[in-house]
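None of the figures in this text is laboratory data; all of them are computed from the coordinates on show. This is a predicted model, so every value here is computed, not measured. Every residue, glycine as well, gets a Cβ built from its backbone with ideal geometry; the counts of neighbours run over all protein chains shown.
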Amino acid sequence: MARKAFPCGHKGRGQYCHRCVQEQRKQQEQEQVLQERQAWNELFKQDPIDLKILPARSLVEKARAIIEQIAQGAMYTAFKGKRMNHDRTVISIPLSRDYRLIYHETSTGYVPVSLMTHEAYNVKKPGEKF
Ligand SMILES: [Zn+2]
């Protein structure tokens, strides 16, 4: 088959311009990546506490799983959560070596109040063991 000029101006063989199709596909892939990123960013708006500081997607997903299960009635102890000595209504749940989910016990149940780094936690409560 001879090379021919396509309506787009490119030259090539075949029924259609492979170059344009390839570029179109690449663009679609980029748009999809962008859409997925936007969808991922949108999810943070639904979290009861800000989880954006977490450095890994897996940690965000772990935090959401814990938050959801506790909202559905799971006990914080199932996630190695502990009541704090200085305030027994405050519960710290380890998310990783560096992050803790902080809950507050209220009359209506356990409410997530913040996400803390291990470091910030130590600064805020010097001498506290957990
Ligand atoms: Zn073309």
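The figures follow:
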{"quantity": "Average projection area in nm² (convex hull over Cα atoms of segment 5-130, one quarter of hull surface)", "calculated": "12.1 nm²"}
{"quantity": "Net charge dipole size for segment 48-124 [Lys, Arg +1 and Asp, Glu -1 on Cβ; Debye, nearest 20]", "calculated": "180 debye"}
{"quantity": "Segment 74-97 and segment 1-48: distance between their alpha carbon centers, rounded to Å", "calculated": "48 Å"}
{"quantity": "Lysine pairs in the chain with Cα atoms under 16 Å, if 8 or more residues apart or on separate chains", "calculated": "5"}
{"quantity": "Top of 108, 77, 117 by mean-square fluctuation, Gaussian network on the chain, Cα under 10 Å", "calculated": "108"}
{"quantity": "Selected from 118, 18, 104 as most flexible by GNM, with the chain as the system and alpha-carbon contacts under 10 Å", "calculated": "18"}
{"quantity": "Cβ-placed point charges (K, R +1; D, E -1), dipole of the chain about Cα centre in debye, nearest 20", "calculated": "680 debye"}
